[in-house]
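A.B. asks: Dumping the structure here so I can ask a few things about it.
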Amino acid sequence: MGSAAEAKRQQLAELRRRMAAIPACGVESSASAPVAAQPRREALPVPAALENLLPEGGLAKGSVVVHSGASSLLSGLLAAVTGAGGHAAVVGLPRLGLLAAAEMGARLDRLAVVPNAGDDPLEIASVLLDGLDLVILGLNGLSVPMSRTRVLAARARGKNSTLVVTGGNWSGSALHIDTRVAGYGGLGRGCGRLRTVRLDVSVRGRSAQPRLGHFVIGPAGGRVEWVSDAHSLETGSAPETSAMSGTSAISVATPEPLRVARHAAS
């Protein structure tokens with residue numbers, strides 16, 4: 001029992017040591033106007049195709065977001081944040097594809113990964129919120145009591161960091177995002193190559209009507225893009241299948257069209 005407690009203390013001490021070497025959260029944007037003078041809260045970057053879907057044009061700093069469904073969106077968030085110079089962490093998600101995130105543009109040298117968070121992943125996430133821009137926490141079916149959600153939400157707010165929780169029950173979040181695979185493109189009857197993945201993303205929050213967007217992840221000129229069909233962005237209506245003729249995209253490097261299969265598996 002003592003050895004397990006000692007191992008946990010050493011793990012937390014190592015996380016704190018590594019975080020001490022990371023620049024303070026938000027230091028690169030310190031020249032921006034004071035929060036009181038801004039009409040919208042400062043937000044973390046997201047794939048460009050998702051900006052019009054989210055109330056703040058991104059994930060509001062200092063907030064908690066609940067995510068459910070396909071993990072392709074999580075890979076996109078990691079790519080957008082670390083690719084823009086931020087730091088992020090993934091806790092309790094050993095099956096999240098880091099190669100897929102890298103193909104979307106993620107900077108792995110700006111990403112901390114804790115695949116096995118032990119008996120209390122919330123404590124690990126709390127430590128990481130102290131110095132990172134984005135923390136993605138896998139709950140592994142855990143139902144978090146309100147007393148803990150309030151503590152973590154207060155810590156995220158106080159540190160101006162964003163916490164995304166997935167795979168469990170979390171109450172009190174201001175924003176919920178659900179990502180569903182709507183279909184695939186490129187496969188024929190028993191032959192062909194998987195070239196595109198279609199995603200339906202729904203967003204609901206306390207102060208905004210539910211919104212639905214339809215996106216495609218697919219290769220273009222040797223690269224993979226998140227593409228949004230501007231005409232498919234809706235409010236409160238059922239999702240439809242989108243086409244590849246979107247008007248906004250975030251480009252990420254990939255050497256082979258077949259690698260989109262990794263995003264399909266997410």
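The values are calculated or read from the model by the stated rules, or taken from the named source; none is laboratory data. This one's a predicted model, so the numbers in the text were calculated from it and none came from an experiment. Virtual Cβ from ideal backbone geometry, glycine too; neighbours counted across all protein chains shown. To get the accessible areas, we keep the full protein, side chains included, count just its heavy atoms, and leave off ligands, DNA and RNA. Shrake-Rupley method; radii C 1.70, N 1.55, O 1.52, S 1.80 Å.
A.B. asks: Please find, within segment 52-66, the residue that is farthest from residue 165 (Cα to Cα) out of those that are under 11 Å from the mean Cα position of the chain (by Cα) and part of a strand (DSSP E or B).
C.D. replies: To start, the set of residues in segment 52-66 that are under 11 Å from the mean Cα position of the chain (by Cα) comprises 58-59, 65-66.
Remaining after also requiring part of a strand (DSSP E or B): 59, 65-66.
On the way: 59: 13, 65: 6, 66: 5 Å.
For segment 52-66, the residue satisfying everything is 59.
A.B. asks: Of (1) of a type in the set (Ser, Thr, Tyr); (2) modelled with pLDDT of 80 or more; (3) open to solvent by less than 50 Å² (accessible area, probe 1.4 Å), residue 232 satisfies all except one. Which?
C.D. replies: Against the list (1) of a type in the set (Ser, Thr, Tyr); (2) modelled with pLDDT of 80 or more; (3) open to solvent by less than 50 Å² (accessible area, probe 1.4 Å), residue 232 comes up short only on (2).
To keep it simple, each residue is scored yes or no on (1) crowded, with 19+ Cβ neighbours inside 10 Å; (2) of a type in the set (Ser, Thr, Tyr); (3) over 13 Å from residue 91 (Cβ atoms).
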residue: 141; (1), (2), (3): no, no, yes
residue: 157; (1), (2), (3): no, no, yes
residue: 162; (1), (2), (3): yes, yes, yes
residue: 168; (1), (2), (3): no, no, no
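A.B. asks: Considering only residues of segment 128-144 that are within 25 Å of residue 58 (Cβ to Cβ) and of a type in the set (Gly, Ala, Ser), which is modelled with the highest pLDDT?
C.D. replies: The qualifying residue modelled with the highest pLDDT is 138.
A.B. asks: Of the residues that make up segment 105-127, is at least one under 30 Å from residue 218 (Cβ atoms), at pLDDT below 95 and crowded, with 20+ Cβ neighbours inside 10 Å?
C.D. replies: Yes, some residue in segment 105-127 is under 30 Å from residue 218 (Cβ atoms), at pLDDT below 95 and crowded, with 20+ Cβ neighbours inside 10 Å.
A.B. asks: For residue 184, which of the numbered conditions (1) at pLDDT 90 or above; (2) among the aromatic types (Phe, Trp, Tyr); (3) open to solvent by 90 Å² or more (accessible area, probe 1.4 Å) fails to hold?
C.D. replies: Going through (1) at pLDDT 90 or above; (2) among the aromatic types (Phe, Trp, Tyr); (3) open to solvent by 90 Å² or more (accessible area, probe 1.4 Å) one by one, residue 184 breaks only (1).
A.B. asks: Anything in segment 143-155 that is surrounded by 17 or more Cβ atoms within 10 Å (Cβ to Cβ) and among the small types (Gly, Ala, Ser)? List them, or say none.
C.D. replies: Passing the criteria: only 153.
A.B. asks: Cβ contacts < 6 Å: first residue farther than 14 Å from residue 144 by Cβ and in contact (Cβ under 8 Å) with a residue 40 or more places away in the chain, restricted to segment 108-128; second residue β-branched (Val, Ile, Thr) and open to solvent by less than 30 Å² (accessible area, probe 1.4 Å), any location; separation 6+ or different chain. Result?
C.D. replies: 114/91; 114/124; 128/135
A.B. asks: Within segment 198-206, can one find any residue that is surrounded by fewer than 17 Cβ atoms within 10 Å (Cβ to Cβ), in contact (Cβ under 8 Å) with a residue 24 or more places away in the chain, assigned to a loop (DSSP other than H, G, I, E, B) and basic (Lys, Arg)?
C.D. replies: The answer is yes; a qualifying residue exists.
A.B. asks: Next question, about the same structure. Inside segment 78-107, can you point out the residues that are on the phi < 0 side of the Ramachandran plot and not aliphatic (A, V, I, L, M)?
C.D. replies: Within segment 78-107, 82, 83, 86, 87, 94, 95, 97, 103, 107 qualify.
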